[in-house]
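Below is one structure, written out as structure tokens; comments come after it.
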């Protein structure tokens, strides 16, 4: 995928912020958005904005700026957020519970359609309108519903074993919210969401800032 | 802070994973841990491990490896996780609720001591053993308890206004879990936890991987 090589990871991480701003502007009658308006709302440098948007193949129109709807479409299409991918969530503890209620995901192409839990007492219930199934149904439902994506929210010491089950069931992409690094076969991608790594960065920033 | 310049951000993000592994080894009688054992458990390259740990000022002992307890202490001390910082959590919705139950924080120097919510019906209750207070008590309690850190978990459209209140109350470091970029005065640091940025990276990875 050439664009992934051309655009760097920081740019990809910035696109949701662009979208957030652009979609708020799109509720007005605005047809074009200028770089100055983007700078004002984003606090990014002009050169960075131009570079990010040029990476999408978009150029501003002199004295008008970027066509708003085309810009939104270009970002959504680049991220694949213009179409829905269905996903399962595994482990309906506190974090899983919160993520099931996160409506932002479905606006961004990721539709969590069901949760799974090894605790049979939770099965049969609903969380934020999504059914909770027993892990024993995972393989069957993954195949039947053609699901390729799973959000993994189990305790870390169960993570590898559950990941093995996911792979066995046919899952091809895992968003890993546990602290455990996963050992996965080729052909299965993993995206680690390690809150502790993020806390480490915050802690070092604070240590430097507070200087105590 | 010189070390922050010498060690790069990716190394800082890896340290919690080292700690996670090292603390599990520390429950046995092991005195030294070899690079080979770390590679086996971490799936990092030998050269990366040596570089990360050298950045902490640690060298391995030939044929024995790194002294386990000293290594744990060095990482914790580097991150500032060897002492507790108390923090408030603002906004006890689904995500706030999940974070209040996150015991990993307090093992890593971040002790959430109370939550605040603008919904008066929640105030007076407890979540995961932590009291929920009214936002009207924020300023008084921040000063009285000497709190400098806040986790911001309110809806994005309230984020800036609540951040202003936090700054007014004396908060000096904000871990921002909202999608809103915050405009903060100098002297207040912000660490953005933007799940949508992370989803963007996951989405682009998937688009490239699934190729559809």
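The values are calculated or read from the model by the stated rules, or taken from the named source; none is laboratory data. Everything quoted here is computed from the prediction, not taken from an experiment. Quick reminder, even Gly has a Cβ in these numbers, built from the backbone with ideal geometry, and neighbours come from all protein chains shown.
Numbers at a glance
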| read-out | value |
| --- | --- |
| So residue B:33, is it touching a strand residue (DSSP E or B) at 6+ places or on another chain (Cβ under 9 Å) and more than 14 Å from chain A (Cβ to nearest Cβ) | yes |
| Residue match in the range A:201-211 (condition: outside any helix (DSSP H, G or I) and surrounded by 15 or more Cβ atoms within 10 Å (Cβ to Cβ)) | no |
| Subset tally (residues that are exposed (fewer than 15 other Cβ atoms within 10 Å of the Cβ) and facing another protein chain (nearest Cβ under 10 Å)) for the range B:17-30 | 1 |
| Filter result for the condition that a residue is free of Cβ contacts under 8 Å to residues at least 12 places away in the same chain and more than 21 Å from residue A:171 (Cβ to Cβ), over A:103, A:120 | A:103 |
| Residues satisfying the stated conditions in the range A:105-121, i.e. more than 9 Å from chain B (Cβ to nearest Cβ) and crowded, with 19+ Cβ neighbours inside 10 Å | A:112, A:114, A:115, A:116, A:117 |
| Whichever residue in the range B:88-104 is outside any loop (DSSP other than H, G, I, E, B) and more than 10 Å from chain A (Cβ to nearest Cβ) and, among such residues, is farthest from the chain's Cα centre (by Cα) | B:90 |
| Residue within the range B:57-78 that is in contact with a strand residue (DSSP E or B) (Cβ under 7 Å, 6 or more places away or on another chain), touching a residue at least 60 places away in the same chain (Cβ under 8 Å) and closer than 30 Å to residue B:128 by Cα present | no |
| Considering residues of the range B:182-203 that are out of contact with any strand residue (DSSP E or B) (no Cβ under 9 Å at 6 or more places or on another chain) and over 14 Å from residue A:78 (Cα atoms) only, the residue farthest from the other protein chains (Cβ to nearest Cβ) | B:185 |
| Filter result for the condition that a residue is at pLDDT below 95, farther than 23 Å from residue B:92 by Cα and under 20 Å from the mean Cα position of the chain (by Cα), over A:107, A:52 | A:52 |
| Number of the exception - residue A:96 against (1) within 21 Å of residue B:196 (Cβ to Cβ); (2) in contact with a strand residue (DSSP E or B) (Cβ under 6 Å, 6 or more places away or on another chain); (3) outside the structural domain of residue A:159 (by TED's automatic domain parsing) | (3) |
| Selection within the range B:163-181 - assigned to a helix (DSSP H, G or I) and out of contact with any strand residue (DSSP E or B) (no Cβ under 9 Å at 6 or more places or on another chain) | B:164, B:168 |
| Test result for residue B:150, under 19 Å from the mean Cα position of the chain (by Cα), in a strand (DSSP E or B) and either surrounded by 18 or more Cβ atoms within 10 Å (Cβ to Cβ) or in the same structural domain as residue B:89 (by TED's automatic domain parsing) (or both) | yes |
| Residue in the range A:155-162 that is surrounded by 19 or more Cβ atoms within 10 Å (Cβ to Cβ), outside any loop (DSSP other than H, G, I, E, B) and more than 12 Å from chain B (Cβ to nearest Cβ) present | yes |
